[in-house]
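What follows draws every value from the coordinates through simple rules; no lab data is involved. Just so it is clear, the model here is predicted, and its values are computed rather than measured. Neighbour counts are summed over all protein chains in view; Cβ atoms, including those assigned to glycine, are modelled from backbone coordinates with ideal geometry.
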């Protein structure tokens with residue numbers, strides 16, 4: 001399901017003849033080709049937030065330790081704070097803003113609301129995308145599988161037990177999860 | 001604010017201003033509220049469109065006060081939750097507030113908002129009675145509508161053509177908890193949908209046209225002074241401006257010299273920061289995280305306690321680690337400053353900015369979008385100050401969002417402490433002697449809740465090498481850890497069950513006994529079975545109007561501590577929102593596990609080495625025990641806050657369980673940063 005065609009001019013644009021990083025001109029974000037002009041060495045996180053105003057993706061640590069910045073790249077979860085934008089040109093990027101495109105919530109989003117699986121909510125976007133990826137690879141995970149699959153995500157408010165419950169609930173909904 | 005100004009800003013309708021007769025609101029109000037009656041604590045407006053807007057200077061940082069306050073309006077005004085909008089923490093629109101702290105939103109603001117809404121409902125009844133010429137008693141209100149016989153009208157219709165203001169005292173009567181219909185129920189989080197869709201704008205998400213990104217040059221060591229600066233390489237980067245300014249109030253450890261850069265994007269700003277060539281004059285020798293405990297006692301005001309036979313406990317400094325670091329965006333327009341920032345004290349931040357820029361309060365507007373948590377860690381306006389300085393020099397709006405390294409170094413910390421305790425229990429279980437000394441952490445929960453004749457309890461002010469400040473329950477966590485650990489020591493000294501020992505000595509506090517009994521019953525304390533490497537512990541206490549008892553089960557395998565199960569009973573008067581209260585209790589336990597077992601700020605020579613999440617461990621999914629919360633709902637008691645108290649029980653309960661499992665008494669927080677062995681030698 002992730003066999004999205006590459007975008008001409010984007011992938012090969014990531015390296016110049018002299019080996020330095022070139023600017024990236026286009027990203028495929030949430031099903032839309034977005035024009036940008038970003039140094040290939042910049043982080044995907046900063047391009048999403050600053051250039052594309054997709055602020056649902058959060059900065060938490062800058063070193064891939066908290067997963068608040070999680071996005072999906074060709075369906076796989078990635079830490080956008082340690083992902084160079086040059087590495088994802090032509091790939092299909094999904095941020096939290098792309099999960100409910102027509103306003104209809106994804107089952108994981110619904111489950112987080114139903115389980116009250118948040119307090120301040122700052123980790124929530126990363127948690128939800130991490131959970132979406134987990135359920136794609138394992139549609140009916142056990143508690144232990146959820147814990148090991150999500151352990152890279154930090155919720156400082158400590159809603160972990162509720163997030164585990166939300167993921168079970170989303171698994172029960174099946175559907176697009 | 002004059003009456004006509006009020007309606008010019010809000011449109012016609014009716015408004016209720018609530019005068020805070022508690023006198024908690026002090027000088028410093030401003031902006032739109034400047035000419036309000038003194039002591040206005042809250043206000044509420046119902047527009048001609050039927051929209052209900054309520055205003056408070058309190059802020060929402062994850063504790064769900066936006067939802068509980070909205071439910072308060074819905075309850076008393078008889079309107080749907082969805083029709084209520086809440087403006088919070090905006091210095092131009094909301095009443096002055098001293099800061100969101102001390103679990104005060106529920107006991108203080110919640111009843112005020114309810115009174116304002118109840119008064120508005122009565123005004124609507126008057127309007128309907130006049131309009132329909134019917135007996136007031138014949139009118140019913142529900143779902144935002146009034147009805148009497150064949151008459152029916154929405155609240156908005158009733159307010160049409162009206163510009164009514166009523167000022168009321170905060171002591172008007174309220175609907176008793178036993179009759180609540182919306183309050184006291186699990187109203188879902190009102191911003192939930194915005195959060196799960198990524199639409200909610202946190203302080204670090206705010207954008208303005210022409211926005212620049214700012215960075216600040218921090219000293220390499222606390223107290224180091226800027227000796228020289230070569231900014232030529234940084235200033236040569238296209239789009240970069242270097243800014244220098246002096247703080248009128250120097251910041252502890254940082255000083256007063258502000259050097260910063262602005263650039264069109266954050267990565268260019270980082271490059272410019274790295275291109276600054278600064279030389280620093282080093283600071284004098286400073287204690288490290290290992291020898292700070294001796295330092296606390298050496299520097300105690302009036303000298304350390306002289307008591308003999310004291311047992312020493314130590315408490316490490318820990319960091320709040322709000323997942324959203326400090327963030328601010330500042331914009332200047334014709335000499336007036338607007339700042340969006342994450343803070344628990346928007347009015348306090350305004351005061352800081354007024355002092356720095358020599359501005360009157362109507363020229364500084366601080367807006368606080370619901371932020372990515374605080375835990376007591378976001379009272380000062382550091383990021384706001386930096387953004388404002390940079391924006392003023394740049395002549396453009398500037399965003400100043402701290403990095404995690406900055407947050408873990410230049411924020412303030414929960415204080416470290418040395419605590420010394422001594423006591424004696426009689427063979428019948430009565431406590432005969434009790435002495436308790438806290439160095440540095442503070443006096444919250446210094447006094448034992450148990451009945452002890454002639455207790456000697458003292459807080460000793462001393463010096464702190466690190467900038468320190470408030471934290472969820474602050475010193476109450478340290479003091480409860482030591483008291484409840486030592487209560488366990490005393491119980492064992494006379495061979496008495498720790499629960500029975502506490503119940504006997506809590507004969508003066510029915511609420512404390514009630515939560516202990518509730519936790520013990522759910523946990524199965526009386527039926528617990530000792531097995532190798534497993535242990536059970538409990539703790540209890542009260543703080544900020546809440547009473548808590550915690551039972552824990554742990555396993556200890558080759559020094560590795562695993563908390564398996566936690567049951568916590570909590571009572572904070574009449575429960576406002578059961579689901580959100582459970583969430584707070586569970587979250588406090590989860591967060592408290594970090595400080596209990598492994599969180600510790602490591603420092604030496606004025607430098608923090610635990611300055612990244614890879615070097616500062618916080619609780620994760622895999623650290624979680626099974627958590628059960630037991631809510632003791634006392635509808636006969638005033639509702640108290642719940643964001644803090646539930647954190648105090650977990651550390652001593654776990655410590656006592658470790659003792660039960662191993663026979664080893666751990667007298668330091670964190671108890672097992674690298675497993676149990678190293679922690680055992682932690683006394684300072």
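Using 0.36 nm per residue and subtracting the Cα-Cα separation, the extra length available between residue B:167 and residue B:135 on full extension is 9.1 nm. One compactness figure for chain A is 1.05, namely its Cα radius of gyration divided by 2.2 N^0.38 Å. Averaged over peptide A:122-131, the number of partner chain Cβ atoms lying within 10 Å of each residue's Cβ comes to 4. Taking all Cα pairs closer than 8 Å and separated by 6 or more residues, the relative contact order of chain B comes to 13 percent.
Thinking of the range B:321-386 as a set of Cα atoms, what percent of all their pairs are more than 19 Å apart? Tail of the P(r) past 19 Å holds 24 percent of the pairs. Remark on the range B:493-644: ratio of C-alpha radius of gyration to 2.2 N^0.38 Å is 1.17.
As a length-normalised measure over Cα pairs under 8 Å and 6 or more apart, the relative contact order of the range B:417-680 settles at 21 percent. When the Cα atoms of the range A:107-173 are aligned to their principal axes, the ranges along those axes come out at 28, 22, 17 Å in descending order. Computing FRET efficiency as 1/(1 + (r/R0)^6) for residue A:145 and residue B:236, where r is the C-beta to C-beta distance and R0 is 51 Å, gives about 0.45. If R0 equals 22 Å, the separation of the Cβ atoms of residue B:521 and residue B:636 corresponds to a calculated FRET efficiency of about 0.55. Look at the stretch B:580-592: the mean tally of other chain Cβ atoms within 10 Å of its residues' Cβ atoms is 4. Volume per residue of the convex hull around the Cα atoms, evaluated for the range A:12-98, comes out as 82 Å³.
Panel values: the range B:633-675, Kirkwood radius from alpha carbon pairs, Stokes-Einstein at 25 °C and 0.890 mPa s, translational diffusion coefficient 192 µm²/s. For the range A:125-141 versus the range B:373-432, the spacing of their alpha-carbon centroids is 34 Å. Mean projected area of the convex hull spanned by the Cα atoms of the range A:97-136, taken over all viewing directions: 2.9 nm².
Over the residues of the protein assembly as shown, the helix contribution to mean residue ellipticity at 222 nm works out to -8000 deg cm²/dmol, using -39500 (n - 2.57) for each DSSP H run of at least 4. Put simply, when A:25-35, B:330-340, B:566-576 are sorted by average Cβ atoms within 10 angstrom per residue, most first, you get B:566-576, B:330-340, A:25-35. Taken as Cα centroids, the range A:48-88 and the range B:313-351 sit 24 Å apart, rounded to the nearest whole angstrom.
For the range B:417-680, the percent of C-alpha pairs falling in each 10 Å distance bin, counted from 0 to the bin holding the largest distance, reads 7, 31, 38, 20, 4, 0. Which of rounded, prolate, oblate describes the range B:556-684, given a ≥ b ≥ c as roots of the alpha-carbon gyration tensor eigenvalues and a/c under 1.5 marking rounded, otherwise prolate only if a/b is larger than b/c? It is prolate, given that a/c is not under 1.5 and a/b is the larger ratio. Here the peptides B:591-598, B:641-648 are ranked by packing, the mean other Cβ count within 10 Å, and the order with the highest first is B:641-648, B:591-598. The value obtained for the protein assembly as shown, namely the Cα convex hull volume divided by the number of residues, is 180 Å³ per residue. Each principal axis of the Cα cloud of chain B was taken in turn, and the coordinate range along them, longest first, works out to 77, 71, 46 Å.
Peptide B:183-196 has a mean shielding of 4, counted as Cβ atoms of other protein chains within 10 Å of each residue's Cβ. Taking only the alpha-carbon positions of the range B:354-479 and ignoring solvent, what does the Debye formula give for the base-10 log of I(q)/I(0) at q = 0.20, 0.21, 0.22 Å⁻¹? Log-scaled intensity ratios, in q order: -1.15, -1.21, -1.26.
Annotation: peptides B:471-484, B:83-96, ranked by per-residue average of other Cβ atoms within 10 Å with the highest first, follow the order B:471-484, B:83-96.
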